[in-house]
Amino acid sequence: MKFDRHRRLRSSKSMRNMVTETRINKEDLIYPIFVVERDNVKEEIPSMPGIYQLSLNILEEELKEAYDLGIRAIMFFGVPNEKDATGSGAYNHNGIIQEATRKAKAMYDDLLVVADTCLCEYTDHGHCGVINHETKDVDNDQSLPYLVKTAISQVEAGADIIAPSNMMDGFVTEIRQGLDDAGYENVPIMSYGIKYASSFFGPFRDAAESTPQFGDRKTYQMDPANRREAMRELESDLREGADMMIVKPALSFLDIIRDVRNHTNVPVVAYNVSGEYSMTKAAALQGWIDEEAVVMEQMISMKRAGADLIVTYFAKDICKYLDQQ
């Protein structure tokens, strides 16, 4: 009986490499960095081995290492000394992300700086917008002007891409209009338009010191059970002017990444979130898995699902793996 010989194309490493369908490149990676206003800080985040909170005076060595490894896109998250009800540190001209951006652009003009545009790291209540004290919930429309001010201040400092992660209705159209009115028509928006209220965000909230002081974020982030809702968010953000779309988290939502890829031609970004990073690191530290093999398989799964770019805390590790290969 005649049968197909699929193994012919798996017969050697060179043969397998030749017919590989999905590849990871350094250009695919965006490396998140946590910057704090305190001086002389390089503090490892307990729940994220290998990831640090860094002060501005120590940031230079981190940027140099990332750049020398071949990383050309970073995403800044800021941790201010002081917080208030409206998150004023987010749109302060001399705020922590703004100062970090100036430092990065002064060092490497070709390093793309993606600015996380949200208020949660800067508000004393830890939510992504301002609070309506009557309803005890985030006031969607009152939050939008603060997000616009934040985006403009970040671009003024040199940010190349604005990445709004707040999940307020209308945030893309308001930020787009605000940037255009300020003369920044050519600055793209990488929208966190498909962001689920996930349990995988826990370590990030430790790193960014942004845990909500009351309630949760389920009134503005999406229900993990919902798939069709992601298409509604996608359609809204594209109509309002988004240039790139983030799906966050990545590994538990590969079906959503594929749906987004199938429904749009704009770049799709997978956010390999803190919980996904921490679980892999923890298992590797116990010797239960081959870290390099598992990390690269995870990255391949995101690319295969349809992601063009990947935000990942593994970015430096992946660059080292690629160099060794």
The computed P(r) of segment 180-325 puts the percent of Cα pairs beyond 28 Å at 25
Using alpha-carbon coordinates alone, the radius of gyration and Dmax of segment 1-52 in Å work out to 22.4, 73
Ignoring ligands and nucleic acids, Ser47 exposes an accessible area, probe 1.4 Å, in Å² to the nearest 10, of 40
Among the Cα-Cα pairs of segment 131-262, the proportion with separation greater than 22 Å, in percent, is 41
With the charge dipole of the chain built from beta-carbon charges (+1 for Lys and Arg, -1 for Asp and Glu) about the Cα centre, the Cα from Pro188, Gln177, Met299 projecting farthest to the positive end belongs to Met299
FRET efficiency (Ala197, Glu297; Cβ distance; R0 25 Å; to 0.05) is 0.40
Measuring from the longest principal axis of the C-alpha atoms of the chain, the long axis of helix 171-181 (C-alpha) lies at a number of degrees, nearest 10, equal to 70
Using alpha carbon positions and the Kirkwood radius, the Rg to Rh ratio of segment 27-145 is 1.02
Residue separation between Gln286 and Glu185 times 0.36 nm, minus their alpha-carbon distance, gives in nm 31.4 nm
Dividing the helical contributions, -39500 (n - 2.57) per DSSP H run of n ≥ 4, by the residues of the chain yields a 222 nm value, nearest 500 deg cm²/dmol, of -12000 deg cm²/dmol
Kirkwood calc, segment 39-90, C-alpha pairs only, radius in angstrom 12.8
Magnitude of the Cβ-charge dipole (Lys and Arg +1, Asp and Glu -1) of the chain about the Cα centre, nearest 20 debye, reported as 1840
Note to self: Kirkwood Rh of the chain, Cα pairs, one decimal, Å, is 20.3
One finds the C-alpha centres of segment 1-20 and segment 95-171 to be spaced, in Å, by 49
Quick calc, Lys2 & His93: beta-carbon distance into FRET formula, R0 51 Å, rounding 0.05, result 0.10
Regression test value, accessible area per residue of the chain, probe 1.4 Å, units Å², expected 46
If every Lys and Arg gets +1 and every Asp and Glu gets -1 at its Cβ, then about the Cα centre segment 216-260 yields a dipole, in debye to the nearest 20, of 140
Computed over the chain: longest principal axis from alpha-carbon atoms vs helix 56-69 long axis, angle to nearest 10 degrees, is 20
Scoring the chain by relative contact order with C-alpha pairs under 8 Å, at least six apart, yields a percentage of 18
To the nearest 20 debye, segment 247-325 has a Cα-centred charge dipole, built from +1 on Lys and Arg Cβ and -1 on Asp and Glu Cβ, of 220
Stretched fully, the stretch from Asn17 through Met279 gains (0.36 nm per residue minus C-alpha distance, one decimal, in nm) 91.4 nm
Subtracting the Cα-Cα distance of Asp141 and Glu61 from 0.36 nm times their residue separation yields 24.8 nm
The helix 228-240 Cα axis meets the longest alpha-carbon principal axis of the chain at an angle in degrees, between 0 and 90 and rounded to 10, of 60
Largest first and rounded to whole Å, the semi-axes √(5λ) derived from the alpha carbon gyration tensor of segment 265-313 read 23, 11, 6
For Lys218, the lysines lying under 27 Å Cα to Cα, once residues fewer than eight places off in the same chain are dropped, come out as Lys83, Lys136, Lys149, Lys195, Lys248
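The values are calculated or read from the model by the stated rules, or taken from the named source; none is laboratory data. No experiment lies behind these values; they were computed from the predicted model shown. Heads up, the Cβs are rebuilt from the backbone with ideal geometry, glycines too, and the neighbour counts pull from every protein chain shown. These accessible areas exclude ligands, DNA and RNA; they are computed on the full protein's heavy atoms, side chains included. Shrake-Rupley method; radii C 1.70, N 1.55, O 1.52, S 1.80 Å.
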